[in-house]
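Since the structure comes first, as structure tokens, the remarks are kept for the end.
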Amino acid sequence: MLLATDLDGTFLGGKMEDRLRLYRLIKASPNMQLVFVTGRGLESVLPLLSDPLIPVPDFIIADVGATVVNGHSLEAIEPLQSEIEEKWPQTYAIRAALEEIPQLNYQHVPQQRRSSFYYEAGVDHGLVQQVADRYDCDIITSADKYLDLLPRGVNKGTTLKKLVEFLAVDPDDVMVAGDTLNDLALFQIGFRGVAVGKSEPGLLQAIDQLDTAYSAEAAGAGGILEYMGKYRPFQQLIRGEQKLVPQKRKSKKSDQLVMVYHRLPFEKESVNGKTVRVAPKSPNGIIPSLLGLFEKGRSGLWIGRKSSSRTGSRFQISWWMKAGTLIWWLPPYRCQKRISISSIVYSPRRHSGRRSFPLWTGQSSTTRTGTIT
């Protein structure tokens, strides 16, 4: 089986409980291959590979189909990548030509073998088409604001089809998922798939007559799960899900969650001369994903690094486990806190020759000390 999914609004969208459920199913399914198919540049996908909650993809199709790499090694898939490269004309010439068109604004984001712009409602699409024809390119628009020029015949769908053929995967074992018009090509090449809930109206209208396309009610990851329950090759995952989910033990006390991470769950901004805490700017980063574990009022503790302008500043954390209780100590405050917990999440990260401390959950009173840098 192979799941090829868009990221923003699709694989990374929807309710946190649906995302965690989907990610768990994928991680527990060794026979499934996961392909990220995104309009993001490859550099913008890399942070997701460090997210402890998100399964690592087997392959990544980025740049709206213009980049295809191995998800584990990040090596280009040849000869697919070279064939795309040969079709791409002059990068700077295309950009310069498009920048002369009013109401087009260049996207200053990582991009390869494509030229990406924001467009306004009054843009002259005829002028854009003239540039595309001059350089033998295709135009792809989405969400009523994104415009991409790509090599002729290159898009998410054609690149995925070539990858599926390269891997010798049966097309009937492929499922695609998306939510905007730049995902339309995934449905037009014949694979079965789902337009998740809250998809762009233009996409829903375009796939309305396709027998192989399904429009889900649930948004994001929930829409993918919804279609998995209907598409036979993937139904076995849903049927076997109960075997993967441990039974919750009954307890009168609410579960507590302790998050140990190298960053705090908020950012700081200066407003009217005062420093205030604000939510993370990126809706798809690691922090929002971890915060999602505290949904529905779940209580717990977040242990992170407090930023400081002093060079080499750091703080230490000591803790010990005994009878399901975590005790921690934060110098220099010389105080102890005690909390009953049922689960701990620890996200490791490497830093310039120094590694974040290991999480210890042994049942003894020995104190372990580590440093978050």
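Cα centroids of the range 114-165 and the range 1-70: how far apart, whole angstrom?
23 Å
Taking the highest mean first, how do the peptides 207-220, 5-18, 168-181 order by number of other beta carbon atoms within 10 angstrom per residue?
Top of the packing list down: 5-18, 168-181, 207-220.
Just want the answer: with Cβ charges of +1 for Lys and Arg and -1 for Asp and Glu, which residue in 108, 158, 177 is farthest toward the dipole's positive end in the range 104-211?
Checking the options against the dipole of the range 104-211, the answer is 108.
Taking the Cα centre of the range 1-140 as origin and charging only Cβ (+1 Lys, Arg; -1 Asp, Glu), how large is the dipole, in debye to the nearest 20?
For this selection, approximately 560 debye.
For the range 70-151, what does the equivalent ellipsoid look like in terms of its semi-axes, each the square root of 5 times an eigenvalue of the Cα gyration tensor, given largest first in whole Å?
Largest first, the range 70-151 gives 25, 15, 10 Å.
Using the per-residue mean of other Cβ atoms lying within 10 Å as a proxy for protection, in what order, highest first, do the peptides 198-204, 182-188, 55-61 fall?
Sorting 198-204, 182-188, 55-61 by mean packing, highest first, produces 182-188, 55-61, 198-204.
Rounded to the nearest whole Å², what accessible area per residue is found for the range 1-138 with the 1.4 Å probe?
44 Å²
Once neighbouring chains are kept in place and the probe is 1.4 Å, which whole percent of the accessible area of the range 155-209 is contributed by carbon and sulfur?
Exposed carbon and sulfur together represent 47 percent of the surface.
Could you rank the peptides 101-114, 139-152, 265-278 by their average count of other C-beta atoms within 10 Å per residue, with the highest value first?
With the highest mean Cβ count within 10 Å placed first, the list reads 139-152, 101-114, 265-278.
Which percent of the accessible area of the range 1-51 is formed by carbon and sulfur heavy atoms (probe 1.4 angstrom)?
The value for the range 1-51 is 48 percent carbon and sulfur by accessible area.
The values are calculated or read from the model by the stated rules, or taken from the named source; none is laboratory data. These numbers were taken from a predicted model, which means no experiment stands behind them. Here the Cβ is made from the backbone with ideal geometry for all residues, glycine too, and neighbour counts use every protein chain on show. Side chains included, ligands, DNA and RNA excluded: accessible areas come from the protein's heavy atoms. Shrake-Rupley method; radii C 1.70, N 1.55, O 1.52, S 1.80 Å.
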